[in-house]
Amino acid sequence: MEGVFNMKKRVAIYPSVMCSKPWELKDYIAEFEKAGVDGIHFDVMDGHFVANITLGTGDYEAIRSLTDLPFNLHFMAEQPEKIMSYFPMRENDMCSFHPEGTRQPYMLLQMLRNQNIKAGLAISPDTSVDYIENCLELLDFILVMAVAPGFGGQKMVPGHLSKLAKIKEIVEKADHKIEIIVDGNTIVEHSIKMLAAGADSLVVGTSSIMKQGPVKFVENYHHYLEEITK
Ligand code: DX5
Ligand code: ZN
């Protein structure tokens with residue numbers, strides 16, 4: 001029936017605040033709300049699991065104080081379970097972590113769900129999809145990295161689209177909806193292919209609609225959505 005109404009696919013968008021200059025943050029948050037984004041993608045990097053160190057607990061508290069938008073937290077950290085409590089989350093927030101960083105990914109997903117936080121695994125280009133198969137019943141979403149984690153503005157890795165299709169196949173075996181979010185280099189020409197390969201939602205950062213500063217965000221956001229759902 002979809003073809004008859006030619007309904008546009010509803011694509012959730014999560015802008016990545018690590019791609020904002022510090023002095024732009026307050027304006028960006030206001031523009032995110034104006035645009036109607038689905039949540040704020042908040043990258044936590046510990047300088048061990050990935051070389052980079054980005055936003056910390058102070059930034060988190062400050063940004064949370066500016067908005068009621070839900071957060072989509074992405075932990076790129078060794079033993080993420082040791083630091084998650086320093087980023088107090090609210091119901092309806094989403095939290096993903098890289099399973100290689102902890103000895104107990106299954107238990108950590110259980111802990112998140114017990115706190116009514118939407119639980120997800122972050123899957124890098126070199127991470128086995130077995131983690132998804134083994135934790136399927138506990139997953140609310142999967143954050144599929146189109147780039148190696150650690151930095152904004154990188155290029156999509158060659159094997160991403162086929163991995164995304166493989167993950168879509170696995171997710172369809174679940175008895176509940178699991179949102180597939182792509183994180184990394186989600187420029188229009190890639191996002192069209194990512195959505196066709198099975199992505200439901202996109203993290204947008206430096207490489208897509210956050211490169212011209214907050215003043216252009218709302219205009220770029222609507223143009224971007226138009227282009228990727230044509
Ligand atoms: C990279 C982060 C991404 C990144 C996205 O490790 O997880 O969220 O900031 O930035 P772009 O969209 O520029 O790849
Ligand atoms: Zn991220």
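Would it be correct to say that residue 84 is under 17 Å from the mean Cα position of the chain (by Cα) and either crowded, with 20+ Cβ neighbours inside 10 Å or over 24 Å from residue 184 (Cβ atoms) (or both)? Working first, answer last.
Working: under 17 Å from the mean Cα position of the chain (by Cα): yes; either crowded, with 20+ Cβ neighbours inside 10 Å or over 24 Å from residue 184 (Cβ atoms) (or both): yes.
Yes: the conditions hold for residue 84.
Here are 156, 194, 210: which of them is touching a residue at least 24 places away in the same chain (Cβ under 8 Å) and in contact with a Cys (Cβ under 7 Å, 6 or more places away or on another chain)?
After ruling out the rest, the residue left standing is 210.
Within segment 123-140, is there a residue that is of a type outside the set (Val, Ile, Thr), within 16 Å of ligand 1 (Cβ to nearest atom) and touching a residue at least 40 places away in the same chain (Cβ under 8 Å)?
No, segment 123-140 has no match at all.
How many of the residues in segment 60-80 are touching a residue at least 12 places away in the same chain (Cβ under 8 Å), surrounded by fewer than 19 Cβ atoms within 10 Å (Cβ to Cβ) and more than 16 Å from residue 14 (Cα to Cα)?
4
Go through segment 5-50 and give me each residue that's of a type in the set (A, V, I, L, M), within 15 Å of ligand 2 (Cβ to nearest atom) and not in a strand (DSSP E or B).
Across segment 5-50, the qualifying residues are 17, 18, 37, 50.
Under the condition of being surrounded by 14 or more Cβ atoms within 10 Å (Cβ to Cβ) and free of Cβ contacts under 8 Å to residues at least 40 places away in the same chain, which residue from segment 175-190 is farthest from ligand 1 (Cβ to nearest atom)?
180
Restricting to segment 191-212, and then to whatever is at pLDDT 95 or above and more than 13 Å from the chain's Cα centre (by Cα), can you tell me which residue is surrounded by the most Cβ atoms within 10 Å (Cβ to Cβ)?
194
What are the residues in segment 51-73 that are within 26 Å of residue 179 (Cα to Cα) and in a strand (DSSP E or B), if any?
Across segment 51-73, the qualifying residues are 71, 72, 73.
In segment 78-130, what count of residues is obtained for those that are away from ligand 2 (no atom under 16 Å from the Cβ), in contact with a strand residue (DSSP E or B) (Cβ under 6 Å, 6 or more places away or on another chain) and in a helix (DSSP H, G or I)?
Matching residues across segment 78-130 total 3.
So which of 155, 118 is over 20 Å from residue 47 (Cβ atoms), among the charged types (D, E, K, R) and surrounded by 15 or more Cβ atoms within 10 Å (Cβ to Cβ)?
Going through 155, 118 in turn, just one is over 20 Å from residue 47 (Cβ atoms), among the charged types (D, E, K, R) and surrounded by 15 or more Cβ atoms within 10 Å (Cβ to Cβ): 118.
The values are calculated or read from the model by the stated rules, or taken from the named source; none is laboratory data. Remember, it's a predicted structure, so these values are computed and weren't measured experimentally. All Cβ positions, glycine included, derive from the backbone under ideal geometry; neighbour counts span all protein chains shown.
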